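S.K.: Got a structure for you, questions after.
The values are calculated or read from the model by the stated rules, or taken from the named source; none is laboratory data. These numbers were taken from a predicted model, which means no experiment stands behind them. Every residue, glycine among them, receives a Cβ derived from its backbone with ideal geometry; neighbour counts consider all protein chains shown. With ligands, DNA and RNA removed, areas are computed over all heavy atoms of the protein, side chains included. Shrake-Rupley method; radii C 1.70, N 1.55, O 1.52, S 1.80 Å.
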Amino acid sequence: MTLIELAIVMAIVAILAAAVFPMARMTAKRTREIELRRNMRVIHTAIDRYKELYDQGKLEQKVGASGYPPSLEILAEGVELKSEVGKKVKLLRRVPKDPMTAEGEWGIRSNADATDSASWGSEDVFRVYSKSDERAIDGTKYSDW
């Protein structure tokens, strides 16, 4: 091979690499966004199911309670039904991690917290959100999802 042929091949490889790397980065980000949406849906479905059981009177009623779970962990540990002593219903296999943060921890809002609150009132778990400050592919903040 001559030096010119080698230079041409290197230039072609560099052009292809320049096109592939941004696409790979975007694909990785899109995959994490899909995982975030799925994890949030799973958690919110479990919270809604807990509230439904509470409203139906199948869970122990407490005075002044909102009917939402006191923590995310209780959804995975299981809640005891009032009608069936000793039987626990698990609403989550495990608490999914937030794929957008290194720690994997969720931001939590209680029923009494303001919608834009960044701190948790610790009364109950009404909503979870990502603690990431990054922006999504569509330009919205992950914490607003």
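S.K.: Name the residues in region 119-142 that are open to solvent by less than 20 Å² (accessible area, probe 1.4 Å) and either at positive phi or part of a loop (DSSP other than H, G, I, E, B) (or both), would you?
M.R.: D124, V125, S132, A136
S.K.: For region 44-65: of the residues being in a loop (DSSP other than H, G, I, E, B) and without any contact (Cβ under 8 Å) to a residue 12 or more places away in the chain, which is most open to solvent (accessible area, probe 1.4 Å)?
M.R.: Only one residue tops the list, namely V63.
S.K.: Write out, first by first residue and then by second, each pair whose Cβ atoms fall under 7 Å of each other, whose residues are 6+ apart or on separate chains, and whose first residue, in region 66-78, is without any contact (Cβ under 8 Å) to a residue 60 or more places away in the chain while the second is basic (K, R) and part of a helix (DSSP H, G or I).
M.R.: Filtered contacts from region 66-78: G67/K51; Y68/K51.
S.K.: For region 66-96, give me the residue count where each residue is in contact with a helix residue (DSSP H, G or I) (Cβ under 8 Å, 6 or more places away or on another chain), of a type in the set (A, V, I, L, M, F, W, C), over 16 Å from M40 (Cα atoms) and in a loop (DSSP other than H, G, I, E, B).
M.R.: Looking only at that region, the number is 1.
S.K.: Could you run through region 74-118 and say how many residues are open to solvent by 50 Å² or more (accessible area, probe 1.4 Å), under 14 Å from the mean Cα position of the chain (by Cα) and more than 25 Å from K141 (Cα to Cα)?
M.R.: Adding up the residues that qualify gives 1.
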